[in-house]
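All remarks here apply to the structure that follows.
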Amino acid sequence: MEEKQKDEKIISVSNYIKILNQGLREFTGKIIGEVSEVKFGPSGHVYFSLKDEGDKSVISCIIWRYKYQLYGIELREGLKIIASGHPEIYAPTGRISFLAEVIEHAGEGELKKEYERLKKKLSEEGLFAEEKKRKIPAYIQRIGMITSLNGAVIADFSNNLGKFGFKVKMIDSRVEGQTAAAEILSSIRTFKKQNIEALVIMRGGGSLESMLAFNNELLVREVANFPVPVIVAIGHHKDVPLMALVADIAVSTPSIATTMLTESWKQASLLLERHERNIISKYSDFIFEKYKKIENGLKISLGNFKNALLNVRIGLGSSLDKSLAGFSSLLLRTSQQLTQAEKIIGLNDPERQLMLGYSITRCNNKIVRSIKNVKIGEGIDVQVSDGKINSQIINITK
Amino acid sequence: MVEKNTDTKNLNNNLKKLSEITEWFDNQGEIDVEEGLKKVKEAVALIKISKERLKAVENEFEEIKKDISAEETNK
């Protein structure tokens, strides 16, 4: 009953196509075929056909400009690709087309060829040039990280990051499979607007096929033009992913990526200690030298002063000695002379002579030394030790 | 964010200043004692602050969402 009612409902062409397109989404699939009839529309969208290798069945396809640019595969006649998407009726023409969301090379051989072609092209453009590589600035903190948060990669990274107060912003992104390229691209573009000092893109190892996103031309160019240095940590077997070649720093594991970020922090401690030692020791050396100089100066001055003092003392002493010696000898001499004089005087004391029995005779107050000094009859005084004897000359004999 | 910025800058600047001071000592034939002491004092302060910054600081992890419109910017 219900079914019948629905059938009877009349709807517009436009609405019918909308309903069909909704239904057609259910037929999302991955198809492999050979490219033919490639046409580039003025809007940049690409129209092409995919032909079955076996019975030559054909389906017309569309890929929008943005997706076409993203996958970087140049569609040309005869190229074997795998397209993922769903069918859709294009309303203006009523034709059914396969709307390709993802296109990729079919087969390792083609992939390898494409890889080598792109590598050569980008290398010739100078994208991998050594002089383009930027260094990770010292003491950075704000880091952007793109990886699959489900993997072991993130644990390896955070366990090795040390404790330097990094502010890590992470975007969880698929790193392989159909949507990886688109997700990584929007992650990189998101980080372009974030205030970060370095970007780290990481994934574990894989085959060339699983590295599709990392060999994507558009992504490689985004990394080349990223405003701050980019570290790419991708494990790989043989062919180095082009994103690793274009990165400022390419390492093979997340833990090595962390050393790039922590190196300056670790060095800072050593650097600090070296500065500390240098500055303090230089200043103390200088002070010590200055002190030594002063000390030596003082020593010399003191020495001089001491010598001077010593000299003065010696000088003083000797002159004193000299004077004293001179004086005492003078004294001695004087006293000797005095003694001598005393002796002489003593010996010659007239009174002493008188005591001995000598006497002094005076005549007319003159000492009588000869008979010529006196005449008979004259009076004379004879002085003895205790008095005078007055006498008269009676006789003179010769 | 601004604070963290100056924080990071400080360590960078501090180390730069310290190496300038080291150079100053290297290049002085006869050091002015007062000037030298000033430099030493400055260096000691810088070293102290920098050592403080170099102590273990936990990292912060924050998950942000990718801006889907970024994917479309080229469309």
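Looking across the range A:164-182, the residues that are within 13 Å of A:MET145 (Cα to Cα) and either at pLDDT 95 or above or at the interface with chain B (Cβ under 10 Å from one of its Cβ atoms) (or both) come down to A:PHE166, A:LYS167, A:VAL168, A:LYS169, A:MET170, A:ILE171, A:ASP172, A:SER173.
The residue that is surrounded by the fewest Cβ atoms within 10 Å (Cβ to Cβ), counting only those in the range B:12-29 that are over 14 Å from A:ARG277 (Cα atoms) and modelled with pLDDT of 80 or more, is B:ASN27. Scanning the range A:62-89 for residues that are more than 14 Å from chain B (Cβ to nearest Cβ), in contact (Cβ under 8 Å) with a residue 60 or more places away in the chain and within 22 Å of A:MET211 (Cβ to Cβ) turns up just one, A:SER84. Given (1) under 18 Å from A:HIS105 (Cα atoms); (2) assigned to a helix (DSSP H, G or I); (3) among the polar types (S, T, N, Q), where does A:SER49 come up short, assuming only one miss? Here A:SER49 meets the rest and fails (2). In the condition set (1) closer than 18 Å to A:ASN195 by Cβ; (2) at pLDDT 85 or above; (3) loosely packed, with under 15 Cβ neighbours inside 10 Å; (4) at the interface with chain A (Cβ under 7 Å from one of its Cβ atoms), B:LYS65 is compliant with all but (4).
When residues in the range A:34-46 are screened for being of a type outside the set (Gly, Ala, Ser), in a loop (DSSP other than H, G, I, E, B) and within 14 Å of chain B (Cβ to nearest Cβ), 1 of them pass. Condition test on A:PHE226, is it part of a loop (DSSP other than H, G, I, E, B) and crowded, with 18+ Cβ neighbours inside 10 Å? Yes: the conditions hold for A:PHE226.
A quick yes/no check of all residues on (1) free of Cβ contacts under 8 Å to residues at least 24 places away in the same chain; (2) not hydroxyl-bearing (Ser, Thr, Tyr):
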| residue | (1), (2) |
| --- | --- |
| A:LYS51 | yes, yes |
| A:SER57 | yes, no |
| A:SER60 | no, no |
| A:PHE98 | no, yes |
| A:LYS120 | yes, yes |
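The residue of the range A:236-278 that is surrounded by the most Cβ atoms within 10 Å (Cβ to Cβ), among those that are under 19 Å from A:THR147 (Cβ atoms) and hydroxyl-bearing (Ser, Thr, Tyr), is A:THR258.
Rundown of residues vs (1) among the hydrophobic types (A, V, I, L, M, F, W, C); (2) surrounded by 19 or more Cβ atoms within 10 Å (Cβ to Cβ), yes/no style:
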| position | (1), (2) |
| --- | --- |
| A:SER60 | no, no |
| A:GLU74 | no, no |
| A:LYS80 | no, no |
| A:PRO87 | no, yes |
| A:TYR90 | no, no |
| A:ILE96 | yes, no |
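Scanning the range A:122-159 for residues that are within 11 Å of chain B (Cβ to nearest Cβ), surrounded by 15 or more Cβ atoms within 10 Å (Cβ to Cβ) and either of a type in the set (Asp, Glu) or farther than 21 Å from A:SER187 by Cα (or both) yields a count of 2. Is the range A:110-125 home to any residue that is part of a loop (DSSP other than H, G, I, E, B) and either more than 26 Å from A:LYS266 (Cβ to Cβ) or under 37 Å from the mean Cα position of the chain (by Cα) (or both)? Taking every residue of the range A:110-125 in turn, at least one turns out to be part of a loop (DSSP other than H, G, I, E, B) and either more than 26 Å from A:LYS266 (Cβ to Cβ) or under 37 Å from the mean Cα position of the chain (by Cα) (or both). Of all residues in the range A:287-307, those that are within 16 Å of B:GLU34 (Cα to Cα) have Cβ atoms under 7 Å from Cβ atoms of residues that are assigned to a helix (DSSP H, G or I), 6 or more apart or on another chain, in A:LYS290/B:VAL33.
The values are calculated or read from the model by the stated rules, or taken from the named source; none is laboratory data. Bear in mind that the values here come from a model prediction, so they are computed numbers and not experimental data. Heads up, the Cβs are rebuilt from the backbone with ideal geometry, glycines too, and the neighbour counts pull from every protein chain shown.
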